[in-house]
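One structure is given below, encoded as structure tokens.
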Amino acid sequence: MDRFDYVIVGAGAAGCVLANRLSEDPSIRVALVEAGVDRNARKVIVRMPLAMVTFMAPALAFLGGPKFMSWFETEPEPGLQGRAMALPRGKGTGGSTNVNGQIFIRGQREDFDGWRDLGNPGWGFDDLLPYFRKLECFEPLADPQSAGRIRLDGKPFYDGVDPAYHGIDGPLNIAPLRSVNPLAFAYLEAARLAGHPFNPDFNGPRQNGVGLYTFTQKNGERMTAEAAYLDPARDRPNLTVIAETQVTKVLFDGRTATGIAWRRGSETGTIEAREVILSAGSFVSPHLLMLSGVGSARDLSRLGIPVVQDLPGVGENLQDHLDVTLEYRSKSAVPYGLSWKALPRNIVHVGDWLFRRRGLFASTTGEGGGFVSTDPASDRPDTQLFFCTGRANTQAASGFTGHGFLMHVCQLRPGSIGRLTAKSASPDDKPSILYNFFRGDSTMQVLREGIRLARRIMAQRPFDAHIDAEVDPGPEAQSDGALDAFIRERVGTLFHPVGTCSMGRGEQAVVDPETLRVHGVAGLRVVDASIMPRIVSANTVAATYCLAEKGADLIKAEERALSRAA
């Protein structure tokens, strides 16, 4: 096979950004290698926003969702009384952007300034804002007439959005839902009565408050990384997409990466490259480093893996968001659900999406949001709320039948630090993953107080006509002990793993913040969510797109310097 300048491993959010940006230079030859199938962006199950609730539901596997999924699992977690947690990741070109909830939130200024202050100059909020603006087409500003259909108190919902924080001509469309369930507005009014300010733009100057989420959607359809970045670049002669091909290791000559080894069924081979870029995510990227001899020398030697570079931080610093779900049964049929009463409306929803890309199937049900602090002494939100206008839920809920709604309570900065380690020298053996939830600095206090805060919202007058009963955890769970028991039994992650190839310059750092090169070796970089030194206070996909845009710029700047030197 031909030799490339860059071979990118993994076609998720980061990999698709890199493939597009690096191949903009026709003199640079780029290969994008993906373990899953290609050309997913036009498949109905991917395009339909509501279909995301089917990807992790075994009873709905016949719809085809499992082929877009790769599953990992934690070890028995001591802080969860030995309970193991399932950890799904997206598979195929588009990666997890094919299967996620599409919510687009950047995080807090303090998150990125914290990255900078940990020894990563150039990664503060002001440094990254130009990249956030570059990547997005923010529909409420790019097409105000379209966004103006959503109104609150008689005024356009997005009045007052500050254009200084947004782009309007980037490849990734960020849009409000085309159809909002009336219950989402009841949530906003209830939250206001409970003392929470309205915020029309969680990606603006402040994150605090409640509002409606914006999504990676366009014209009522999901927009994936493949659709936004890869498809517009596919026809470039210097970009080669190699799908359904598993990378088994990075190849080295001494301490210089020279390419990758791959397999496709019973077929195996290698691809030579001037540089290898790992963009396979927070589970696969560190695992590939370990299989290739980059990691803790002691651990690699024990597994019989020849050591290329002793780098003990590989696989360490694993972080994710913690989430519990309050479930309510509704006495009204306003929430989405399957029932005889709602049958005519649901039939209309099918037609509404097929012909107008509106209605239930253009929603994820996770319509209302909020960022609040459970600490009266701090204005910085430590909790994210997701108000879902139906009972179907990727984590745990009753399902699609009947009518009800959910309130997710997510701890934004749990404090737990986990780890990922290779089990063997074989790429067939998935890594060992341990999050260490509720150990060390990780406590239940924020989640416990977040549940009480959410209950105060649900107790307000706008929900009087809707709430029949709290199903989970149930009204009897009031004491600290009862809520702790509920949390320990039901808590999950939001499937936002980060940190396992952390950037920095300390002993545990894996990549250099100025180049994203792996410390101690040449020709090898990591560009994906695994390089985040700390998790952001929001869904992680926006920050992943951003760091990939910046990473591409860093690489292209080196290319320009090399050209000038030549």
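The values are calculated or read from the model by the stated rules, or taken from the named source; none is laboratory data. This one's a predicted model, so the numbers in the text were calculated from it and none came from an experiment. Glycine also receives a Cβ, built like all others from the backbone with ideal geometry; neighbour counts cover every protein chain displayed. To get the accessible areas, we keep the full protein, side chains included, count just its heavy atoms, and leave off ligands, DNA and RNA. Shrake-Rupley method; radii C 1.70, N 1.55, O 1.52, S 1.80 Å.
Listed values, structure above:
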read-out: For ARG39, residues with placed amide H under 5 Å, excluding near neighbours; value: THR93
read-out: Proximal lysines to LYS249, defined as alpha-carbon separation beneath 16 angstrom and excluding residues fewer than eight positions away on the same chain; value: LYS423, LYS430
read-out: Length gained when the stretch ASP310-ALA485 is fully extended (0.36 nm per residue, less Cα-Cα span); value: 58.9 nm
read-out: Space enclosed by the convex hull of the alpha-carbon atoms of segment 410-495, per residue, Å³; value: 135 Å³
read-out: Average projection area in nm² (convex hull over Cα atoms of segment 223-278, one quarter of hull surface); value: 5.0 nm²
read-out: Unit charges at the beta carbon, dipole of the chain: most positive-side option, LEU447, GLY370, GLY220; value: GLY220
read-out: Average projection area in nm² (convex hull over Cα atoms of segment 125-184, one quarter of hull surface); value: 4.8 nm²
read-out: Aspartates and glutamates with Cα under 14 Å of LYS556, excluding same-chain neighbours fewer than 8 positions away; value: ASP5, GLU24, ASP25, GLU275, GLU514
read-out: Sorted peptide list for 62-68, 302-308, 95-101, 208-214, criterion being average Cβ within 10 angstrom, highest first; value: 95-101, 208-214, 62-68, 302-308
read-out: Dipole magnitude of segment 313-387 about its Cα centre (Cβ charges: Lys, Arg +1; Asp, Glu -1), debye to nearest 20; value: 840 debye
read-out: Convex hull volume of segment 273-336 per residue (C-alpha atoms, cubic angstrom); value: 164 Å³
read-out: Relative contact order, percent, the chain [alpha-carbon distance under 8 Å, six or more residues apart]; value: 21 percent
read-out: Among 106-116, 424-434, 440-450, the order from most to least packed when residues are scored by Cβ within 10 Å on average; value: 106-116, 440-450, 424-434
read-out: Cα gyration tensor category, rounded, prolate or oblate, for segment 71-135 with a/c compared to 1.5; value: oblate
read-out: 20 Å-binned pair-distance histogram of the chain (Cα, whole percent); value: 22, 57, 21, 1
read-out: 13 Å beta-carbon shell around SER296, net charge (K/R +1, D/E -1); value: -1
read-out: Pairwise label distance in nanometres, ASP2 with GLN145, each label 7 Å out on the Cα-Cβ vector; value: 4.5 nm
read-out: Solvent-accessible heavy-atom area per residue, rounded to whole Å², over the chain at 1.4 Å; value: 38 Å²
read-out: Taking the C-alpha atoms of segment 438-563, convex hull volume expressed per residue in Å³; value: 147 Å³
read-out: Sites ARG274 and ARG380 - FRET efficiency at Förster radius 51 Å, r taken between beta-carbons, to 0.05; value: 0.70
read-out: All-pairs Cα distance distribution in segment 14-65, expressed in whole percent, bin size 10 Å; value: 20, 35, 27, 15, 3
read-out: Dipole of segment 409-493, positive end: most advanced residue of PRO473, PRO427, THR493 [Cβ charges, Cα centre]; value: PRO427
read-out: Leading residue at positive end of dipole, the chain (Cβ point charges), from TRP115, SER332, PHE198; value: SER332
read-out: Segment 93-143-segment 467-531 distance, computed between alpha-carbon centres (Å); value: 17 Å
read-out: Along each principal axis, Cα extent of segment 508-566, largest first, Å; value: 43, 24, 13
read-out: Efficiency of FRET from Cβ geometry, ALA61 and VAL348, R₀ 25 Å, rounded to 0.05; value: 0.35
read-out: Ratio Rg/Rh, restricted to segment 276-430 and using Cα atoms, in which Rh is the Kirkwood radius; value: 1.17
read-out: Size of electric dipole in segment 167-298: Cβ of Lys, Arg +1 and of Asp, Glu -1, about Cα centre, debye, nearest 20; value: 320 debye
read-out: Shape call, segment 1-160: gyration tensor on alpha carbons, a/c limit 1.5; value: rounded
read-out: Three-way shape label, segment 159-249, alpha-carbon gyration tensor, a/c 1.5; value: prolate
read-out: Total charge dipole magnitude, the chain, about the Cα centre, Cβ charges on Lys, Arg, Asp, Glu only, Debye to nearest 20; value: 1160 debye
read-out: Label-to-label distance, nm, for residues given as ILE168 and LYS155 (7 Å Cα→Cβ offset); value: 2.0 nm
read-out: Segment SER301-ARG39, extension gain: residue separation times 0.36 nm, minus the distance between their alpha carbons; value: 90.3 nm
